[in-house]
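Report on the structure given below.
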Amino acid sequence: MKISLAHYPGMQCEGLLPRDVWVWVPPQYDSSPGERFPVIYMHDGQNLFYPEKSYTHITWGVAEAITKLSAWGFIRPAIVVGIDNTENRIGDYLPTKPFETPEGKAFIAKMAKEEPEEFVKYDFVADQYLRLIVDQVKPTIDRDFRSLDGAEDTIIMGSSMGGLISLYALTEYPDIFGGAGCFSTHWPIMGDFAIPYLHTTLPKSRQHKIYYDLGTGGYDAEYAPFQHAVDTVMVEKGYTYGKDWLTRVAPGADHHERAWRSRIHIALRFFLGRD
């Protein structure tokens, strides 16, 4: 399948490294010129469309999945916006507000001392990264493309650290993002600070949809107890499994684009499925 992308080079805001943004439109965009489309914002844009750009030389296959599923009538076709990461990826994607307590700040200081290669070299600017998406990327897409710009048609999605920042985007901007897709979410880096934050900040049910998944191999093998705690919060917040919340386990799956590619159709049908 030949993929053609619109390109917005070097998008940035204060406190962030510049990054490229790529936009793919489904085949129906040209064949139905009067139609408007939902938008999926995805992190780690390098890994989405072209194997030669992907870190693992395997893409998510999101364009291929949307093309097939929409042609078969299973989902609504959607625009995909890929936002490239930078060398500050961990600092861009690690949610900051859960750590804005004395205990949280002490935890970050401890991690910086114990794992300097993971922490010292990063600027923790997740809030600025979300501002880039909300204040610059999304308005640009809504201006230049026939998008459906309401929260109910705006999804944000990523894997590992990208899963964390996707959920953070929905909790911090619930009027902007109606859905968050969190693949192999890297919960361990949050320590014990994700659950109190979600108890306080996660929007109540019925207006948002949240998808989680995890494998049982590689890094994902560590995630089950963390995901179970998050699932408990989902129940407490009134989310209904299969309706506005889904957690899927893929036995044997590793922490890899190959795994996320194999599961992307599940998330797409959850968010964009035709009734």
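The values are calculated or read from the model by the stated rules, or taken from the named source; none is laboratory data. All figures in this text were calculated on a predicted structure; none of them were measured in a lab. Reconstructed Cβ throughout: ideal geometry from the backbone, glycine too, with neighbour counts over all protein chains shown. Accessible surface is based on the protein model in full, side chains and every heavy atom, while ligands, DNA and RNA are left aside. Shrake-Rupley method; radii C 1.70, N 1.55, O 1.52, S 1.80 Å.
According to the square roots a ≥ b ≥ c of the eigenvalues of the Cα gyration tensor, what is the shape class of segment 3-69, taking rounded for a/c under 1.5, prolate for a/b larger than b/c otherwise, and oblate for the remainder? Before the final figure, lay out each step's value.
Numbers: a/c = 2.47, a/b = 1.34, b/c = 1.84.
It is oblate, given that a/c is not under 1.5 and a/b is not larger than b/c.
Under a straight-distance cross-link criterion of Cα-Cα below 20 Å, which aspartates and glutamates are reachable from Lys2, leaving out those fewer than 8 residues away in the same chain?
Cross-link targets: Asp30, Glu52, Glu64, Glu257.
Taking the solvent-accessible surface of protein heavy atoms with a 1.4 Å probe, what is the per residue accessible area of segment 1-93 in Å²? Present the calculation step by step, with values, prior to reporting the outcome.
Details: 3920 Å² over 93 residues.
For segment 1-93, the per-residue accessible area is 42 Å².
Dipole of the chain, Cα-centred, from +1 at each Lys and Arg C-beta and -1 at each Asp and Glu C-beta, to the nearest 20 debye?
On the way: 27 positive and 36 negative charges, 162 e Å.
Dipole about the Cα centre, nearest 20: 780 debye.
If the limit is 28 Å between Cα atoms, which of Lys68/Lys209; Lys105/Lys243; Lys53/Lys97; Lys113/Lys209; Lys110/Lys243; Lys53/Lys209 go over it? Provide the component values of the computation, followed by the final result.
Values: Lys68/Lys209 23 Å; Lys105/Lys243 36 Å; Lys53/Lys97 32 Å; Lys113/Lys209 37 Å; Lys110/Lys243 40 Å; Lys53/Lys209 30 Å.
Table pairs above 28 Å Cα-Cα are Lys105/Lys243; Lys53/Lys97; Lys113/Lys209; Lys110/Lys243; Lys53/Lys209.
Any idea what Rg and Dmax come out to for the chain if you just take the C-alpha atoms, in Å?
Calculated on Cα positions, Rg and Dmax stand at 17.7, 56 Å.
Between 0 and 90 degrees, rounded to the nearest ten: what's the tilt of helix 257-272 against the longest Cα principal axis of the chain?
So the helix axis and the longest Cα principal axis differ by about 70 degrees.
Comparing Ile165, Ile189, Ile40, which has the greatest mean-square fluctuation in the GNM of the chain with Cα pairs linked when under 10 Å apart?
So, out of Ile165, Ile189, Ile40, the one fluctuating most is Ile189.
Leaving out ligands and nucleic acids, note down the accessible area per residue over segment 113-203 with a 1.4 angstrom probe, in whole Å².
On the way: 3360 Å² over 91 residues.
Result: 37 Å² per residue.
Using a 1.4 angstrom probe on the protein heavy atoms only, line up Arg36, Arg143, Arg19 by accessible area, largest first.
Working: Arg36 130, Arg143 165, Arg19 5 Å².
Sorted by accessible area, descending: Arg143, Arg36, Arg19.
Taking the Cα centre of the chain as the origin and placing charges on Cβ (Lys, Arg +1; Asp, Glu -1), which of Ser54, Pro116, Val235 is farthest toward the positive end of the dipole?
Ranked along the dipole, the leading option is Val235.
How large, in percent, is the carbon and sulfur part of the accessible surface of segment 154-275 at a probe radius of 1.4 Å?
On the way: 2600 of 4960 Å².
That fraction is 52 percent.
I need the shape label for segment 189-250. Rule: rounded when a/c is under 1.5, else prolate if a/b > b/c, else oblate, with a, b, c from the alpha carbon gyration tensor.
Values: a/c = 2.66, a/b = 1.34, b/c = 1.99.
Oblate is the answer for segment 189-250, as a/c is 1.5 or above yet b/c matches or exceeds a/b.
Would you mind classifying segment 164-275 by shape? Square roots of the alpha carbon gyration tensor eigenvalues, ordered a ≥ b ≥ c; an a/c under 1.5 is rounded, otherwise it is prolate if a/b is larger than b/c and oblate if not. Mind showing how you got there, number by number?
Working: a/c = 1.75, a/b = 1.16, b/c = 1.51.
Taking the square roots of the gyration eigenvalues as a ≥ b ≥ c, segment 164-275 is oblate.
What does the charge dipole of segment 1-131 about its Cα centre add up to, to the nearest 20 debye, if the Cβ of each Lys and Arg holds +1 and the Cβ of each Asp and Glu holds -1?
Details: 13 positive and 18 negative charges, 77 e Å.
Result for segment 1-131 is approximately 380 debye, rounded to the nearest 20.
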